[in-house]
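**Student:** Quick one: structure below, then a few questions.
The values are calculated or read from the model by the stated rules, or taken from the named source; none is laboratory data. None of the values given here were measured: they were computed from a predicted structure. Please note: Cβ atoms are built from the backbone with ideal geometry, for glycine as well, and neighbour counts cover all protein chains shown.
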Amino acid sequence: MSKQQLPVIGQDGGVAGCCPGLLTAPLDEDQAVELAKVFKALGDPVRLRLLSMIASRAGGEICVCDLTPAFDLSQPTISHHLKLLRQAGLIDGERRGTWVYYRLLPETTDRLAAVLARPAGEPLPASSGAAS
């Protein structure tokens with residue numbers, strides 16, 4: 001397993017701890033780099049589907065044995081995608097015997113939502129020249 005870890009937003013002074021949202025203040029370079037790494041982990045349709053399957057599972061967790069058949073991909077490829085989601089701090093897993101059970105880490109998705117959210121009560125920015 002690779003020792004390269006993607007930063008989890010909000011840890012060690014990460015994005016969530018220092019900037020409330022994109023519409024409140026511009027990101028500095030370090031914040032943008034950290035945030036881009038997490039979005040990069042989400043930038044693949046397979047990983048988005050995996051995250052959705054994990055997040056929507058009744059009981060809050062799903063066995064890798066239930067994830068693999070949903071894709072026309074090999075088990076090692078699915079495991080690679082799950083590893084990237086895990087390194088980004090979006091999911092966590094627990095080995096039970098032969099299988100690994102995955103669950104969403106809602107604190108990370110909540111932080112992403114907060115970064116993208118418009119501050120409450122703030123009007124939408126005016127569109128610039130868009131035709132209706």
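**Student:** Go through Val64, Val115, Val33 for me and flag whichever is buried (at least 17 other Cβ atoms within 10 Å of the Cβ) and modelled with pLDDT under 90.
**Tutor:** Checking each option against the conditions leaves just Val115.
**Student:** For the range 46-77, give me each residue that is under 15 Å from Leu90 (Cβ atoms) and either β-branched (Val, Ile, Thr) or assigned to a helix (DSSP H, G or I) (or both).
**Tutor:** Those that are under 15 Å from Leu90 (Cβ atoms) and either β-branched (Val, Ile, Thr) or assigned to a helix (DSSP H, G or I) (or both): Val46, Arg47, Leu48, Arg49, Leu50, Leu51, Ser52, Met53, Ile54, Ala55, Ile62, Leu67.
**Student:** Turning to a different aspect of this structure: Counting just the residues of the range 13-30 that are in a helix (DSSP H, G or I) and over 19 Å from Arg118 (Cα atoms), which one comes out modelled with the lowest pLDDT? Please lay out each step first, then the result.
**Tutor:** Taking the range 13-30 first, the residues in a helix (DSSP H, G or I) are 15-18, 29-30.
After this cut, where a residue has to be over 19 Å from Arg118 (Cα atoms) as well, the list is 29-30.
On the way: Glu29: 91, Asp30: 88.
Looking at residues that are in a helix (DSSP H, G or I) and over 19 Å from Arg118 (Cα atoms), I get Asp30.
**Student:** Same structure, new question: From the list Ile9, Ile91, exactly one residue is in contact with a strand residue (DSSP E or B) (Cβ under 6 Å, 6 or more places away or on another chain) and either β-branched (Val, Ile, Thr) or modelled with pLDDT of 95 or more (or both). Which is it? Write out each step before concluding.
**Tutor:** On the way: Ile9 fails: in contact with a strand residue (DSSP E or B) (Cβ under 6 Å, 6 or more places away or on another chain).
Only one candidate passes the filter, namely Ile91.
**Student:** Just checking, how many residues over the range 78-111 are more than 16 Å from Leu50 (Cβ to Cβ) and either assigned to a loop (DSSP other than H, G, I, E, B) or among the aliphatic types (A, V, I, L, M) (or both)?
**Tutor:** 2
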